1. Go through the range 88-101 and report how many residues are surrounded by 18 or more Cβ atoms within 10 Å (Cβ to Cβ) and of a type outside the set (A, V, I, L, M, F, W, C).
2. Hey, V8 hits all of (1) farther than 13 Å from S106 by Cβ; (2) in a loop (DSSP other than H, G, I, E, B) but one; which does it fall short on?
3. Looking at (1) open to solvent by less than 60 Å² (accessible area, probe 1.4 Å); (2) assigned to a loop (DSSP other than H, G, I, E, B); (3) within 23 Å of L131 (Cβ to Cβ), which is the one condition that is false for A3?
4. Against the definition (surrounded by 17 or more Cβ atoms within 10 Å (Cβ to Cβ) and of a type in the set (A, V, I, L, M)), how does A104 come out, yes or no?
5. Starting from the range 114-129, take each residue that is under 13 Å from A75 (Cα atoms) and list its partners that are open to solvent by 40 Å² or more (accessible area, probe 1.4 Å) and assigned to a helix (DSSP H, G or I), counting only C-beta distances under 9 angstrom and pairs at least six apart or across chains.
6. Keeping to the range 74-87, report how many residues are over 13 Å from the mean Cα position of the chain (by Cα) and either more than 8 Å from I6 (Cα to Cα) or exposed (fewer than 15 other Cβ atoms within 10 Å of the Cβ) (or both).
7. Looking at V98, V83, can you tell me which residue is in contact (Cβ under 8 Å) with a residue 60 or more places away in the chain and of a type in the set (A, V, I, L, M, F, W, C)?
8. Considering only residues of the range 49-65 that are basic (K, R) and touching a helix residue (DSSP H, G or I) at 6+ places or on another chain (Cβ under 8 Å), which is surrounded by the most Cβ atoms within 10 Å (Cβ to Cβ)?
Amino acid sequence: MTAPVIHVAAALVVDAAGRALMVRKHGTTMFMQPGGKIEAGESSLDALRRELDEELGLRPSADDLTWVGSFEEDAANEPGHRVRAEVFALTIDAALTVAAAEIAESRWVDPRATGDIDLAPLSSEALLPLLLAR
């Protein structure tokens, strides 16, 4: 039996120093890229722009976001599920973000040395390695 797939839009947000923005939702332990579920009838780009506004107070224009690709890994917070992420890149000033809504905490991390934080599989296996290849 195949695992159910959760379809999301996610942002690979970096600052000028090359640090990646990671977020942790209330009631969870794993950090991941900001973003969220794509609602019915919503494009992945529109979903991501909505989620960035709700979660971090960011309002990037569509032109500020660059398509990276689609990636799939085990879901961090839903056992037995997979997550398929439509990923866009965004570079911002680190001072612009404010954790809100379901975000309990945000951190800027060096993708080469993330420290002792728990990372979601999508982040550790697919997205942060993209930054190391730059």
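1. Summing the residues that are surrounded by 18 or more Cβ atoms within 10 Å (Cβ to Cβ) and of a type outside the set (A, V, I, L, M, F, W, C) in the range 88-101 gives 1.
2. (2)
3. Against the list (1) open to solvent by less than 60 Å² (accessible area, probe 1.4 Å); (2) assigned to a loop (DSSP other than H, G, I, E, B); (3) within 23 Å of L131 (Cβ to Cβ), A3 comes up short only on (3).
4. Values: surrounded by 17 or more Cβ atoms within 10 Å (Cβ to Cβ): no; of a type in the set (A, V, I, L, M): yes.
Criteria not met by A104.
5. Qualifying pairs under 9 Å: L119/E125.
6. Summing the residues that are over 13 Å from the mean Cα position of the chain (by Cα) and either more than 8 Å from I6 (Cα to Cα) or exposed (fewer than 15 other Cβ atoms within 10 Å of the Cβ) (or both) in the range 74-87 gives 6.
7. V83
8. The selected residue is R49.
The values are calculated or read from the model by the stated rules, or taken from the named source; none is laboratory data. Just so you know, these numbers come straight off a predicted model, no measurement behind them. Cβ atoms come from the backbone with ideal geometry, glycine included; neighbour counts cover every protein chain shown. The protein model used for the area step is the full one, side chains on, heavy atoms only, and it has no ligands, DNA or RNA in it. Shrake-Rupley method; radii C 1.70, N 1.55, O 1.52, S 1.80 Å.
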